[in-house]
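To start, the structure under review is shown below, and the notes come after it.
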Amino acid sequence: MAPSLLHPPSQLSPGEALQLSQQAPTVLQNSPSTISSSPLAALLPSSETPDLWIKYENLLLSCLRTGDERAAHQCLERLVARFGNDNERVMALKGLVQEADAQNNGELEKILKEYDQILGDNNTNIPITKRRIALLRSMDRLPEAASSLVQLLGFSPTDAEAWSELADIYLVQGMYQQAIYAMEEVLVLAPNAWNVHARLGEMQYMAATAPGVASGTYEKSMAEAIKRFSRSIELCDDYLRGYYGLKLVTKKLLKDAGKPAKESEGEFSLPDSKTVERLNELATAKLSEIIRRSTAQERGWRGYDKLEVAAARELLVEEASAAAAIER
Amino acid sequence: MAQVPAQTIHRDPQLFGWILLPITLVMILTGILRHYASVLLQTAPKRLDQKTMREQRSLLHGINVRGNFHVLSRPSFIARREALTAAYESGAYLKDPERRGQPPANPMSDPSSMEGMMGMMKNQMAMIIPNTLIMSWINAFFSGYVIMKLPFPLTIKFKSMLQAGVATRDMDPRWMSSISWYFLCIFGLQSVFNFILGDNNAASQMAQQMGQMGPQTGQMFGPGVDPDKQFLGEVENLAVIEHYSVLDGVEQRLLEGINV
Amino acid sequence: MTWISKTITALGGLLLAHACYSAQEHSSLQSFRATAATLASSTPAAASLPIDIAIETVVATFIIVLGLVTGTRPLRPIQWRVWAGKLEREGVEGFMGNDGEMNRDYVGNPFRSLETRPGFIDIRKQRKEFANWVKSGGRSEAK
């Protein structure tokens, strides 16, 4: 089944994106090429729904991705015809199309200059600011991207998406503490986002297992990773990613058990080894249930990502074989 | 149980064509006109400059931290609280730090707030003027007689509503005067406008009334509110938080709550 | 709506119709008697509805309500974690109507955009990835 055009397509697999962009001719044909904004037209029943514009936008993204430039330009033209050239969102889309068309670094530099010019006129144009940062990142100028992001967040600290991007940039550069701080800001803005909790758990785990960590930080990070994963499961029943992370962390903890946890005021300390063991068992049981049911294509269990299920199975198999090797 | 004989009043059959229909038509047309008038009068929302945006969003950020402090661990919450408190107290986020401590500017002299008031005035005018005009038109031409009989019986309570302008004590409430028909149209044409103009059109007076009742969001950053005071208030709110984390004991909750 | 709830609702409707008909008949009989009584110039009988008709009406109403209640679709989860779990477990499928059409207010995980970040989309990287995918013959199509 083709995914809906009403949702942003950035997380789709290439195959699904192709499917979407193949819908382009039909969508473009079935809707009128220009919708005038005159009051007379509004009286007629030819309805202009917000959905249509979201569709165009998503279609534009998918078409750009699959290299269908003609359809992409058509979408853009219609959006421009409706919202005008100085709509911030349309400006960002226009920049996006230019970026996609750019052949070499020189052209990218030119686009970057254009962005700077736009921002010089109006320094609160957030979509363009974001495009500029994305372009900087795409051109491997990470520190610049990070500093621009920090500047953006300086005047708009309630933008969860930007915080999340900042966390990602820091993470790529290996600056775990900064990444964790930024991710915590996302949580402050969206306290119940289970995937953000899980992501933060993953970051803590990465921070703990990074080479050259002090043992105090290691314990603290591991403890918080367990807690974050547990919270993500608490927020979302049968959350594969949360259980996977929990399993990973507890496995690691059980492997290098024996180190007594230091109690420190105000910070999270590792739970005792019995709890860790029980958590490990719980995660194993849940993971195997999810794998079993999802592989059997049981009704109501088909929503998991195939790759994630495969990874979970790999983790369990690996552990089982390791256990067998020890017994032998 | 003798039936009260039904009142019969002989009406000119042309009343329907010359009064009822015109009033209805005029009402619908003015509704549409009002919609487009208010669309034309609407000024685009004023673009915030960077400093104003920073001021508002920083405050919102503080409110978010205060509301969702439980997702943070204690050290990271305390770090945030200290940073926010220091910035708020020093006035780092203020739009123009030099004006700290001075009384807020008179909203009448501030052009940006004047604009907002003008917008409200325009909307009000677009409502009031046509309504007054039509009402006086109806009063001048059609008042003083009944124009139709409703096809269903009504209790005596409806008399004042339906027979405005016709002062007869004994008349059956089913008879209706023109001015009452006008009022019925005001309140009853809502769905017609929704059908013609689409939802949330400007002609919907109900929405406007609701908007007047709950301007909570605008109030927060409205003119005449001293942002410095808001920041200082937020500092106090942050200071009194007794921190606890949702992560405390989450493993235990998980182990107890989930059965495999 | 299953056939059980449909039958129950229909039964209730039938009962209600019967009650209405009885009441109508009763009142016409009463008025006939009243006219007869006035002709005979004696006191008219009290014109109240017999209790069995009233009971039938109430019972019929309850049966209809019962039928409608049993026929409602399962309620949407109101606990956050159950709802979120449903989203993760069933994906799009859990939110399809019976006609295979996607529920209009289905949004998937509302927090996914915090990780995919559509505002910061790196289109050049995506294009490269897509080109590579096509070159490799679209092998992950089965995914």
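FYI, it's all coordinate maths here, none of it is from the lab. Here the structure is a predicted model, which is why all the values come from computation and not from measurement. Note that we place each Cβ from the backbone using ideal geometry, even for glycine, and neighbour counts take in every protein chain shown.
The label point for residue B:41 and the one for residue B:79, both projected 7 Å from the Cα toward the Cβ, are 5.3 nm apart. Here the residues B:121, B:127, A:222, ranked from fewest to most Cβ neighbours within 10 Å of their Cβ, fall in the order B:121, B:127, A:222. Within the set of other residues whose C-beta is less than 12 Å from the C-beta of residue B:240, count the net charge using Lys and Arg as +1 and Asp and Glu as -1. Combined, the nearby Lys, Arg, Asp and Glu give -1. Shielding value for A:287-299 is 1, the average number of Cβ atoms from other chains within 10 Å of each residue's Cβ.
Let me know the Kirkwood hydrodynamic radius for chain A, please, with Cα pairs as the basis and the value in Å to one decimal.
Values: mean 1/r = 0.0433 Å⁻¹.
In chain A this quantity evaluates to 23.1 Å.
Cα gyration tensor of region A:176-295, axes a ≥ b ≥ c as square roots of the eigenvalues: rounded (a/c below 1.5), prolate (a/b > b/c) or oblate?
Details: a/c = 1.88, a/b = 1.15, b/c = 1.63.
Oblate shape, in that a/c is at least 1.5 and b/c is the bigger or equal ratio.
The mean count of C-beta atoms from other chains within 10 Å of the C-beta of residues in B:69-78, rounded to a whole number, is 5.
Summing Lys, Arg as +1 and Asp, Glu as -1, what charge do residues with Cβ under 14 Å from the Cβ of residue B:68 carry, residue B:68 excluded?
On the way: positive: A:231, B:66, B:80, B:81; negative: A:184, A:185.
Taking every Cβ under 14 Å from that of residue B:68, the sum is +2.
Rounded to the nearest 500, the 222 nm mean residue ellipticity of chain A from helices alone is -23500 deg cm²/dmol, with -39,500 (n - 2.57) taken per DSSP H run of at least 4 residues. Modelled label positions at residue B:255 and residue C:82, each set 7 Å beyond Cα in the direction of Cβ, lie 2.6 nm from each other. Inter-chain Cβ neighbour count for A:225-236, averaged per residue, equals 6 (cutoff 10 Å, partner chain atoms only).
With R₀ set to 60 Å, the beta-carbon distance separating residue B:186 from residue A:144 gives a calculated FRET efficiency near 0.50. Quick one: grab the alpha carbon gyration tensor of region A:93-192, order the square roots of its eigenvalues as a ≥ b ≥ c, and give me rounded if a/c is under 1.5, else prolate or oblate depending on whether a/b is larger than b/c. It comes out prolate by the Cα gyration axes.
As a length-normalised measure over Cα pairs under 8 Å and 6 or more apart, the relative contact order of chain A settles at 8 percent.
Taking the charge dipole of chain A about its Cα centre, with +1 at Lys and Arg Cβ atoms and -1 at Asp and Glu Cβ atoms, the residue from A:190, A:284, A:217 reaching farthest to the positive side is A:284. Put in order of Cβ neighbour count within 10 Å, fewest first, the listed residues A:89, A:131, A:299 become A:299, A:89, A:131. Compute the long axis of helix A:273-295 from its Cα atoms, compare it with the longest principal axis of the Cα atoms of chain A, and write down the angle in degrees, 0 to 90, nearest 10. Helix A:273-295 and the main axis of chain A meet at about 50 degrees. Remark: B:61, A:197 ranked as B:61, A:197, counting other beta-carbon atoms within 10 Å and listing the fewest first.
Determine the sum of side-chain charges near residue A:120: Lys and Arg each +1, Asp and Glu each -1, restricted to other residues whose C-beta is under 13 angstrom from that of residue A:120.
Numbers: positive: A:113, A:132; negative: A:114, A:116, A:121.
Net local charge, residue A:120 excluded: -1.
The calculated FRET efficiency for residue B:16 paired with residue C:28, based on their beta-carbon distance and R0 = 51 Å, is about 0.90.
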